[in-house]
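We did not get these values from a lab; they are worked out from the coordinates using the rules stated. Being a predicted model, the structure only gives us computed values, none of them experimental. Every residue, glycine among them, receives a Cβ derived from its backbone with ideal geometry; neighbour counts consider all protein chains shown.
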Protein chains: 4
Amino acid sequence: MPDALSPRNPDWQAVVQDSFARQAVMATFQVSMVLMEPGHCILEMPFHARWTQQGGSLQAGIPAVLADSAGGFACLSLMPPASDVLAVEFKINFLAPALGQVIRAEAVVVKSGRTLSINQVDVYAIDGDTVRHAARVQQTAIRVDSR
Amino acid sequence: MPDALSPRNPDWQAVVQDSFARQAVMATFQVSMVLMEPGHCILEMPFHARWTQQGGSLQAGIPAVLADSAGGFACLSLMPPASDVLAVEFKINFLAPALGQVIRAEAVVVKSGRTLSINQVDVYAIDGDTVRHAARVQQTAIRVDSR
Amino acid sequence: MPDALSPRNPDWQAVVQDSFARQAVMATFQVSMVLMEPGHCILEMPFHARWTQQGGSLQAGIPAVLADSAGGFACLSLMPPASDVLAVEFKINFLAPALGQVIRAEAVVVKSGRTLSINQVDVYAIDGDTVRHAARVQQTAIRVDSR
Amino acid sequence: MPDALSPRNPDWQAVVQDSFARQAVMATFQVSMVLMEPGHCILEMPFHARWTQQGGSLQAGIPAVLADSAGGFACLSLMPPASDVLAVEFKINFLAPALGQVIRAEAVVVKSGRTLSINQVDVYAIDGDTVRHAARVQQTAIRVDSR
């Protein structure tokens with residue numbers, strides 16, 4: 001029973017694209033935006049051995065990088081004009097090793113409030129035809145005035 | 001009222017050093033181990049603009065990378081021989097922007113169980129003489145047999 | 001993309017009913033089991049003023065009581081014979097005041113592993129025809145041998 | 001390295017006492033306030049069989065009730081006049097069974113911001129001379145205008 005999620009800013013797409021472009025971390029992790037609609041964002045990044053831990057899968061923080069940004073864009077798309085978003089906190093459960101060619105994070109906004117947004121993000125490890133559910137994230141973000 | 005934390009493996013130092021050395025992600029983030037004693041680990045990494053978000057501070061996932069490893073090493077040091085550690089989940093609250101020359105994560109083990117360990121990790125942003133408490137993490141890790 | 005969730009114990013229904021019956025806390029909070037199928041549980045409890053905080057809605061821990069049990073039953077239903085379940089941890093976000101005649105918790109298992117299960121629980125406050133999404137929970141539970 | 005925690009409201013004690021008195025849930029769980037100073041709160045409640053789960057210890061949500069209130073009072077004591085506090089979210093890890101005559105929750109404020117506060121709460125099960133660390137909570141609370 002999700003709430004209706006409709007954008008409060010007609011320029012939400014430009015706001016999100018601009019935020020993505022201004023984040024150096026997106027280029028560093030070779031993140032691409034696969035889908036962006038109000039309250040819904042899919043990001044992908046390639047797997048690289050330089051981000052792995054002792055067992056050969058991605059270190060646990062790496063999926064968190066992707067998930068945090070996906071959640072941030074998802075809720076930013078629903079905020080009024082002149083908004084920016086900051087992470088208040090998130091919690092991530094690891095369900096399967098993050099192993100594969102591509103890591104995908106899919107974020108949906110659970111609640112878009114005036115100040116706080118709550119987002120659910122699922123991380124998938126894609127290995128050829130195999131898609132494994134690698135992590136589940138619950139995130140709280142806060143609206144701040146954009147500069 | 002913390003539990004007594006004493007190592008169950010006389011070779012705990014070699015185990016931790018070996019785990020650190022086998023993690024490519026440690027070199028990628030230029031992580032150094034500043035302190036390591038049973039149930040207690042301090043890691044540091046430099047700040048680089050390539051890991052920043054739209055506001056110029058580190059993207060929220062980056063302190064999580066450092067914190068997750070600090071917590072993992074802290075609890076690994078208390079595990080019996082032939083153990084490896086995996087993150088089950090963690091939760092991170094952001095207290096201040098991660099801005100500075102150096103980012104430090106200090107982990108202490110709250111509970112070292114037979115299967116599960118619970119760790120507290122504090123992340124600090126160090127900017128010259130200024131030390132800001134940037135994040136607090138509560139982490140659950142699981143012991144697995146090492147290969 | 002949820003995993004297939006099928007029971008590993010043909011007597012899963014008896015196990016869940018027995019666990020429910022042995023929990024004094026269920027009677028104290030007047031909890032009723034509205035739906036129980038493998039990996040899916042809906043519990044309801046009435047609203048009482050004796051569980052409220054200063055603003056008149058349920059104190060934040062009360063929905064957590066209901067949610068924790070719903071998640072526990074959901075994952076217990078998927079465990080092999082001779083299993084019991086304990087909560088490792090949970091995280092709960094509050095989305096709306098828990099106000100109404102009835103509080104409902106709906107749990108689904110996100111991942112049913114050999115040792116650990118990850119559950120999502122949504123709490124709803126039902127006030128006549130109005131259903132409000134009051135809380136979202138992400139829970140980790142562990143299988144232990146039943147006595 | 002905790003921040004200095006000093007009250008911003010000279011009447012902080014009256015505010016906290018008033019909030020405690022207006023919460024029916026405090027009487028229902030027979031909660032007593034053992035210590036209250038700026039940013040620091042200790043609450044205790046008796047153990048009763050009516051709040052137990054299948055194994056005879058308190059159901060996981062019950063310590064969460066106590067912990068949530070302890071955290072709320074701790075951060076309320078640091079807020080400016082005309083403030084009330086609501087829980088945004090919390091995460092609780094269970095470290096040992098909540099078994100004993102008395103359950104204690106000790107809350108300290110980790111960060112008292114203008115809008116958000118982050119609190120750490122430890123729950124102890126006291127059984128005669130034995131004090132066991134039963135749970136660790138990390139909580140986010142938000143300041144709202146009091147009515």
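Treating cross-link reach as a plain straight distance, find the lysines whose alpha-carbon is under 27 Å from the alpha-carbon of C:K111, omitting any fewer than eight places away in the same chain.
Output for C:K111: A:K91, A:K111, B:K91, B:K111, C:K91, D:K91.
From the helices alone, meaning DSSP H stretches of at least four residues, give me the mean residue ellipticity at 222 nm for the protein assembly as shown, per-run term -39500 (n - 2.57), in deg cm²/dmol to the nearest 500. Present the calculation step by step, with values, prior to reporting the outcome.
Working: 12 runs with 124 residues, N = 588.
Calculated at 222 nm, the ellipticity per residue is -6500 deg cm²/dmol.
Using only alpha carbons, build the gyration tensor for chain C and give me the equivalent ellipsoid semi-axes, biggest first, whole Å. Before the final figure, lay out each step's value.
Details: eigenvalues 140, 47, 34 Å².
Value: 26, 15, 13 Å, ordered largest first.
Summarise the partner chain shielding of A:113-121 as one whole number: the mean count of Cβ atoms from other chains within 10 Å of each residue's Cβ. All intermediate terms of the calculation are to be shown ahead of the outcome.
Values: counts 2, 0, 5, 9, 0, 8, 2, 4, 0.
Counting Cβ atoms of other protein chains within 10 Å of each residue's Cβ and averaging gives 3.
To one decimal in nm, how far is C:A82 from the same spot in the other copies, if labels go 7 Å from Cα toward Cβ? Please give the shortest first.
In ascending order, 2.2, 6.5, 6.7 nm.
Can you list the residues, at least 5 places off or on another chain, whose amide H is less than 5 Å from the amide H of C:V110, using H built in the peptide plane?
The answer is C:I118, C:N119, C:Q120.
Taking the 0 to 90 degree range and rounding to the nearest ten, how far is the long axis of helix C:61-76 tilted relative to the main principal axis of chain C, both from C-alpha atoms?
On a 0 to 90 degree scale, this one is about 20.
I need the Kirkwood Rh of the protein assembly as shown: take the reciprocal of the average 1/r across all distinct C-alpha pairs and report it in angstrom. Don't skip to the end; give the middle numbers.
On the way: mean 1/r = 0.0417 Å⁻¹.
Evaluated over the protein assembly as shown, this radius sits at 24.0 Å.
Just to confirm the filter: which trypsin sites (Lys or Arg not before Pro) across segment A:8-107 are DSSP coil and have at most 12 other Cβ within 10 angstrom of their Cβ?
none
Out of A:A107, A:A24, A:A96, any idea which swings most in a Gaussian network model of chain A, alpha carbons joined below 10 Å?
A:A24
Using the basic label-point model (7 angstrom from Cα toward the beta carbon), what is the B:T115 to C:L86 distance in nanometres?
About 0.9 nm separates the two model spin labels.
So if I place +1 on the C-beta of Lys and Arg and -1 on the C-beta of Asp and Glu, and nothing else carries charge, what would the dipole magnitude of the protein assembly as shown be about its Cα centre? I want it in debye, nearest 20.
Working: 44 positive and 52 negative charges, 0 e Å.
Here the protein assembly as shown has a charge dipole of around 0 debye.
Which distances in nm, rounded to one decimal and ordered from shortest, link the label point of B:R8 to the equivalent label points in the other identical copies, with labels set 7 Å from Cα toward Cβ?
2.3, 4.6, 5.1
Which whole-Hz ³J(HN,Hα) couplings does segment A:128-137 yield from phi under the Karplus relation 6.51 cos²θ - 1.76 cosθ + 1.60, θ = phi - 60°, glycine and proline marked x?
These are the phi-based 3J(HN,Hα) values: x, 8, 8, 10, 10, 7, 8, 7, 10, 10 Hz.
Once amide H atoms are placed 1.01 Å from N in the peptide plane, what residues at a sequence separation of 5 or more from B:Q59, or on another chain, have their amide H within under 5 Å of its amide H?
The list, which skips near neighbours in sequence, is B:T52, B:Q53.
Tell me, what HN-Hα J-couplings in whole Hz come from the Karplus equation 6.51 cos²θ - 1.76 cosθ + 1.60 at θ = phi - 60° for each residue of segment D:22-34, using x for Gly and Pro?
Going residue by residue, I get 7, 9, 4, 4, 5, 5, 4, 9, 6, 7, 10, 8, 8 Hz, with x marking Gly and Pro.
Mind listing the long-range amide H neighbours of C:V144? Cut-off is under 5 Å, sequence gap 5 or more, other chains count too, H placed in the peptide plane at 1.01 Å from N.
C:D84, C:V85, C:L86
So what J values fall out for segment C:9-18 if you push phi through Karplus, 6.51 cos²θ - 1.76 cosθ + 1.60 with θ = phi - 60°, rounded to Hz, Gly and Pro as x?
10, x, 9, 4, 5, 5, 4, 5, 4, 5
Bin by bin, in steps of 5 Å, what percent of the Cα pairs in segment B:67-147 do you find, going until the bin that has the longest distance?
3, 17, 25, 19, 14, 10, 7, 4, 1
Distances from A:Q101 to the same position in the other copies: list them in nm, one decimal, shortest first, using label points 7 Å from Cα along Cα→Cβ.
Going from nearest to farthest copy, the values are 4.4, 5.7, 6.7 nm.
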